[in-house]
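Participant: The structure under discussion is supplied below as structure tokens; questions concerning it will follow.
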Amino acid sequence: MLPHLVLSLILLAGTGEACQVLTEPVESGCGYDATMKLTSRPNDLVVQKENCSKEFVKTEWQQVPLLQMESAKEDKTYTVICIDPDAPNHEKGEYYLHWLVSNVNGNDLRTGDLAKAKTITSYKGPGPVINTGLHRYIFLAFEEEKLNQNVVNDRERRKFPLLQWMQSQTDKLCGPVAGVQFRSEY
């Protein structure tokens, strides 16, 4: 279940009111009113609201997945992120960063065409370490207050401090406004 605070953020972002940013660590990509549809390549396995948090074999998700959000607004841009909160030796609020893309046009996010978006951190498929159990791969969409130009280097994949990173942005990232996740293990 999502914390009440996160639900409030989603409602505010969806109504056009003042942009609210994330203030607590993310634990799930499930439970959002607006969801994303994630499709694996090349086998076309689908994760969406109805099967959010389903367990998959990690090899099915090694290629960049097709990511779609039907409710994306055509006059907005989005930042999409994939994080793993279950990486070993990470404190609460630290994640392994699997993917970070900004400046995703709303129409492009609806269709899953992220070719014109700005890839900040390239996609890296699941690679959970042996004997670390199931890992959650959380995909989140944030509505950009303005075009987001801040760059995160690949060296920040491990122990990625999502909240600190969001606070460091010149322009706000509202939400998350949508999410989805799957689980996988070694």
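The values are calculated or read from the model by the stated rules, or taken from the named source; none is laboratory data. A quick note: this is a predicted structure, and the numbers were derived from the prediction, not measured. Positions of Cβ are backbone-derived with ideal geometry, glycine not excepted, and every protein chain shown enters the neighbour counts.
Participant: Conditions: (1) surrounded by fewer than 21 Cβ atoms within 10 Å (Cβ to Cβ); (2) of a type in the set (Phe, Trp, Tyr); (3) in contact (Cβ under 8 Å) with a residue 60 or more places away in the chain. Phe139 meets all but one. Number of the miss?
Facilitator: The failed condition is (1).
Participant: If I ask for residues that are among the hydrophobic types (A, V, I, L, M, F, W, C) and farther than 16 Å from Glu145 by Cα, which ones from segment 82-102 would you list?
Facilitator: Initially, segment 82-102 is screened for residues among the hydrophobic types (A, V, I, L, M, F, W, C), giving 82-83, 87, 97, 99-101.
Matches in segment 82-102: Cys82, Ile83, Ala87, Leu97, Trp99, Leu100.
Participant: Additional query: For segment 44-71, give me each residue that is out of contact with any Asp or Glu (no Cβ under 9 Å at 6 or more places or on another chain) and hydroxyl-bearing (Ser, Thr, Tyr).
Facilitator: Within segment 44-71, Ser53, Thr59 qualify.
Participant: Of the residues that sit in segment 161-185 and are out of contact with any helix residue (DSSP H, G or I) (no Cβ under 6 Å at 6 or more places or on another chain) and modelled with pLDDT of 95 or more, which one is farthest from Leu109 (Cα to Cα)?
Facilitator: Residues of segment 161-185 out of contact with any helix residue (DSSP H, G or I) (no Cβ under 6 Å at 6 or more places or on another chain): 161-172, 176, 178-183, 185.
From the residues that got through so far, the ones that are modelled with pLDDT of 95 or more too are 176, 178-183, 185.
On the way: Pro176: 15, Ala178: 12, Gly179: 13, Val180: 14, Gln181: 17, Phe182: 19, Arg183: 23, Glu185: 28 Å.
Ranking the candidates gives Glu185 first.
Participant: While we're looking at this one, here's another question. Taking the condition of being of a type in the set (Lys, Arg) and not in a helix (DSSP H, G or I), how many residues in segment 97-120 meet it? Before the answer, list the steps.
Facilitator: Residues of segment 97-120 of a type in the set (Lys, Arg): 110, 116, 118.
Narrowing the set further to residues that are not in a helix (DSSP H, G or I) leaves 116, 118.
Of the residues in that region, 2 qualify.
Participant: Still on this structure: Checking Cys174 against (1) free of Cβ contacts under 8 Å to residues at least 60 places away in the same chain; (2) part of a strand (DSSP E or B); (3) more than 21 Å from Phe56 (Cβ to Cβ), only one condition comes out false. Which one?
Facilitator: It is condition (1) that Cys174 fails.
Participant: Right, Glu70: at pLDDT below 95, over 13 Å from Tyr137 (Cα atoms) and assigned to a loop (DSSP other than H, G, I, E, B) or not? Break it down stepwise before answering.
Facilitator: On the way: at pLDDT below 95: no; over 13 Å from Tyr137 (Cα atoms): yes; assigned to a loop (DSSP other than H, G, I, E, B): yes.
Considered against the rule, which asks whether it is at pLDDT below 95, over 13 Å from Tyr137 (Cα atoms) and assigned to a loop (DSSP other than H, G, I, E, B), Glu70 comes out as no.
Participant: Which of the residues that make up segment 90-116 are of a type in the set (S, T, N, Q) and in contact with a Ser or Thr (Cβ under 8 Å, 6 or more places away or on another chain)? Full working, then the answer.
Facilitator: Narrowing segment 90-116 to residues of a type in the set (S, T, N, Q): 102-103, 105, 107, 111.
Those that are of a type in the set (S, T, N, Q) and in contact with a Ser or Thr (Cβ under 8 Å, 6 or more places away or on another chain): Ser102, Asn103, Asn105.
Participant: Give the residue that is modelled with the highest pLDDT, with candidates limited to residues of segment 7-51 that are in contact with a Ser or Thr (Cβ under 9 Å, 6 or more places away or on another chain) and over 23 Å from Trp61 (Cβ atoms).
Facilitator: Among those residues, the one meeting the criterion is Asp33.
Participant: Quickly run through segment 96-131 and pick out the residues that are over 20 Å from Ser184 (Cα atoms) and in contact (Cβ under 8 Å) with a residue 60 or more places away in the chain.
Facilitator: Gly112
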